Structures are given as structure tokens and as C-alpha cells.
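S.K.: Starting off with a structure, shown below.
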Amino acid sequence: MASVDSGSGDVDPRNMAIVRFKPEETPVTLAAKKSRLGRVYLDWARYPLVTTEKLEGGRYQVQFEDLRFESAESVAQHRSPILGGYVVLDPELRVEEMSAEKPPDVVPNRK
């Protein structure tokens with residue numbers, strides 16, 4: 001990911017380029033992709049990126065974003081993705097929660 005000034009032809013003039021590799025497919029990401037939000041989001045997204053964060057109690061939060069709406073600057077500043085979504089899975093990989101909003105900073109333990 002890098003900014004390009006189409007007027008001058010400068011590529012990455014602020015030296016903020018970021019490489020984002022496709023994360024490994026896991027049972028956790030597969031379960032989240034099968035959720036209603038996952039199916040709809042992946043049908044819509046042109047350049048999807050699906051990442052996983054392990055939560056307390058063996059739970060997982062899976063984040064969906066489309067790289068069309070990301071920038072190197074937003075990633076460097078740790079801003080939440082625009083037009084993203086998330087799914088929270090329990091230890092048995094069942095959906096506990098899903099939303100097309102910004103994920104909460106701390107996901108409460110539902111059990």
C-alpha cells in the first residue's frame with residue numbers, strides 16, 4: 001500500500017508504504033467467513049483482508065476489511081477500517097456476535 005501523486009507521478013512521497021500479506025486460512029477464519037456477515041461482506045468486497053485476534057476465554061474476533069478503502073496512512077495511525085466488519089466466535093467457533101460497525105476496544109466475555 002502506497003500513496004501515488006497522479007499529477008507529479010511521485011510514488012510514496014511521504015515514505016509510508018506498507019506491505020500487507022494475506023493471512024493464513026484457518027478453521028477460525030473459515031467459520032467467520034461462513035457467518036452471514038462473512039458471506040455478505042466477501043460477496044461485496046473486491047480486495048478483502050480477513051484477520052484474527054485471539055480473545056480471552058478461547059474466543060476469537062475476526063476482522064473483515066476491503067483494501068480499496070485503506071491507506072498506508074490509516075494503517076500506520078491504527079485507524080479502524082472504513083466499511084469493515086467483525087465476527088466474534090466462541091471456543092467452538094460458533095458466532096457470538098457480528099457487526100458491520102467498528103469493533104469494540106474490549107469484547108466482553110459473554111459466558
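S.K.: Gain in length, I82 to K54, computed as 0.36 nm per residue apart minus the alpha-carbon separation, to one decimal in nm?
M.R.: Numbers: separation 28, 0.36 × 28 = 10.08 nm, distance 2.19 nm.
Using 0.36 nm per residue and subtracting the Cα-Cα distance, I get 7.9 nm.
S.K.: Restricting things to alpha carbons, tell me how big segment 5-70 is in terms of Rg and Dmax, in Å.
M.R.: 15.7, 52
S.K.: Could you give the length gained on full extension between S8 and E25, defined as 0.36 nm per residue of separation minus the Cα-Cα distance, in nm? Kindly include the intermediate steps, with their values, before the conclusion.
M.R.: On the way: separation 17, 0.36 × 17 = 6.12 nm, distance 3.93 nm.
Residue separation times 0.36 nm, minus the Cα-Cα distance, leaves 2.2 nm.
S.K.: Then there's this: Between E92 and L67, 0.36 nm times their residue separation minus their Cα-Cα distance comes to what?
M.R.: Numbers: separation 25, 0.36 × 25 = 9.00 nm, distance 2.93 nm.
Contour length minus the Cα-Cα distance gives 6.1 nm.
No lab work stands behind these numbers, since they all come straight from the coordinates. The structure presented is a predicted model; accordingly, all values stated were derived computationally and were not measured.
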